[in-house]
Amino acid sequence: MPHEPPLIRVEVTYALPQRAIVKVFRLAAPATVADALERAAVDPDFAGIDIVRAVVGVYGKLARPEQLLKENDRIEIYRALAVDPKAARRVRAKQVPRRT
């Protein structure tokens, strides 16, 4: 009787302005961030999200595809910024009247 690898539970999340997608997947250990993203890529709720090029993290820390996952890890798929924060700050600074 072949030995089955243990399964670990991981969450994959993606936040939109109006809602968040949170899905739980069970993966055979050892599992990587790439393994979890492969599972998410075929899930209809993640349709239209460029998972391949997205920046991802585990609990808010940037993660690489080969990073090993632990039980209950949360993989976060980050959206691209709509506006560069530095550029937005420059625009706001120009709009504020200067004190003399």
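Here are some notes:
- For the range 42-58, the set of residues classified as under 12 Å from the mean Cα position of the chain (by Cα), without any contact (Cβ under 8 Å) to a residue 24 or more places away in the chain and farther than 15 Å from ARG74 by Cα consists of ASP50, VAL52, ARG53, listed by residue number.
Yes/no matrix, rows are residues, columns are (1) under 14 Å from the mean Cα position of the chain (by Cα); (2) acidic (Asp, Glu); (3) modelled with pLDDT under 95:
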{"residue": "GLU11", "(1), (2), (3)": "yes, yes, no"}
{"residue": "ARG19", "(1), (2), (3)": "no, no, yes"}
{"residue": "PRO30", "(1), (2), (3)": "no, no, yes"}
{"residue": "LEU37", "(1), (2), (3)": "yes, no, no"}
{"residue": "GLY60", "(1), (2), (3)": "yes, no, yes"}
{"residue": "GLU76", "(1), (2), (3)": "yes, yes, no"}
{"residue": "PRO97", "(1), (2), (3)": "no, no, yes"}
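- Of all residues making up the range 1-45, the number that are in a loop (DSSP other than H, G, I, E, B), crowded, with 18+ Cβ neighbours inside 10 Å and of a type outside the set (Gly, Ala, Ser): 0
The values are calculated or read from the model by the stated rules, or taken from the named source; none is laboratory data. On a predicted model such as this, the values are computed, not experimentally measured, just so you know. Positions of Cβ are generated from backbone atoms using ideal geometry, with glycine treated the same way; all protein chains shown enter the neighbour counts.
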